[in-house]
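Before any comments, here is the structure.
Please treat every number below as a calculation from the coordinates, not as lab data. None of these values were measured; they are calculated from a predicted model. Cβ atoms come from the backbone with ideal geometry, glycine included; neighbour counts cover every protein chain shown.
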Amino acid sequence: MKDTFKKVVLAYSGGLDTSVMVRWLIENYNCEVITFSADLGQGDDLEAIRQKALACGASQAVVEDLQKEFAENYVLPALKAGALYEGKYPLATALGRPLIAKRLAEIARETGADAAAHGSTGKGNDQVRLDASIMAIEPDLKVLAPVRHWELKSREEEIDYAEKYGIPVSATREKPYSIDRNMWGVSIECGELEDPWLEPPKDIYLMTIPPALAPDEPTYLEISFDRGRPVDLDGRKMNLVDLIKELNLLAGRNGVGLVDLVENRLVGIKSREVYEAPAATVLHTAHRELERLVLDRETTHYKAGQSHKYAELVYYGLWFSPLREAMDAFNEVVQKNMTGTVRLMLYKGNCIPTGRKSPYSLYDMDLATYEAGDTYDHQAGEGFSKIWGLPLFIQGRLKEKDGGS
């Protein structure tokens, strides 16, 4: 027997899937549909999206500015953690999903809805991120993902459906890309990008220009941190949202932040994704360089493993897990001396650190130098090397007794 619902709250982006979904939910469940759209700094006209949702049949269209909450409570912890999935992806979409899910569940509770819906597919990561996050916030709320069940088997069929019912959509048969954007980056997939051998078309990029077309002169900038938090750009104090947005412009016009990645999805398949992350690339680079200066060796090496695990938790949709909260506590301790400034050069797709300084620097020039004034005790190196290599010495002697076997 088919489930019935009186009221469904739909996470609405204004794109092809969710625009078709408003009409589809009404037709298939004879229910009221309320849409929810979050401003995470994607640059969309949110009022136009609200009007579009109503034109698609929504009884109410909720739009909220969540930029500050997204930057402070999701992006910043991930930056402090050094979270890059498989070493490259800054997790822009993955970080946005738990916040969207949280508000979706809360709005469902506030409006008396008996279900929440989203536009994720059955082979994507977002279905898990949204489903799991909604479960964590509102365990008894039914979660719908129509794309996993409906009769529309391709984006072309969705476009046909939209044309049939006069649903306004921006996707076309010529450019059937799926694009998700927020202030931390852009995720682009589908269409010809599904062939990992093909170079991405240059007209797909929204935040960056191709590196070959970037200025011939490099751009230098300085970013200052306070306990791991970026607070200053080129001597100007800035709030986190404005700093991220300005870095997107500066780095984007220098072709910085393009990521072309064949990644391992949570559901077990490989996927070719193209990402744009100008600000994220610059901030992760600067943050990592400052850590190299102020963290001791053991903490630096241990945190590398933590960064990998943190990125997995975000990517796997486990933002609301106890482990992520515990890792945030660890990272706050690690960041206590993360105050200082990093200078970077942006040039034709490259983000290159050129200087770093901190009042908590562990770099001792007198010990590091090979010039006059060197205070390092070179004679102590002989004894250290003997003790360090002692296990290998014993193994070597044993092999010698056994004839080298």
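Summary table
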read-out	value
P(r), alpha carbons of the stretch 277-390 - 10 Å bins starting at zero, rounded %	11, 29, 32, 20, 8, 1
Between helix 92-111 and the chain: long-axis angle, C-alpha atoms, 0 to 90°, nearest 10	40 degrees
The chain - percent relative contact order, Cα under 8 Å, separation 6 or more	17 percent
Scattering profile of the stretch 74-187 at q = 0.14, 0.15 Å⁻¹ [log10 I(q)/I(0), Debye over alpha-carbon scatterers]	-0.73, -0.83
Cβ-placed point charges (K, R +1; D, E -1), dipole of the stretch 226-320 about Cα centre in debye, nearest 20	120 debye
Whole-percent pair-distance distribution, where bins are 10 Å wide, for the alpha carbons of the stretch 180-357	9, 31, 36, 21, 3
FRET efficiency, residue 110 to residue 226 (Cβ-Cβ, R0 35 Å, nearest 0.05)	0.45
Backbone N within the stretch 359-385 under 15 Å of label point (7 Å from residue 393 Cα along the Cβ vector)	380-385
Within straight-line cross-link reach of residue 102, lysines at Cα separation under 26 Å, skipping those fewer than 8 residues along the same chain	6, 7, 52, 68, 80, 123, 142, 245, 309
Over the chain: Rg over Rh, Cα atoms, Kirkwood Rh	1.07
Spacing of the two label points (7 Å from each Cα toward its C-beta) at residue 45 and residue 64, in nm	2.5 nm
Furthest towards positive pole of dipole, 306, 290, 214, structure part the chain, Cβ charges	306
Helical contribution to [θ] at 222 nm, DSSP H n ≥ 4, -39,500 (n - 2.57), averaged over the chain, rounded to 500	-12500 deg cm²/dmol
Charge dipole magnitude, Cβ of K and R +1, D and E -1 - the chain, Cα centre, debye nearest 20	620 debye
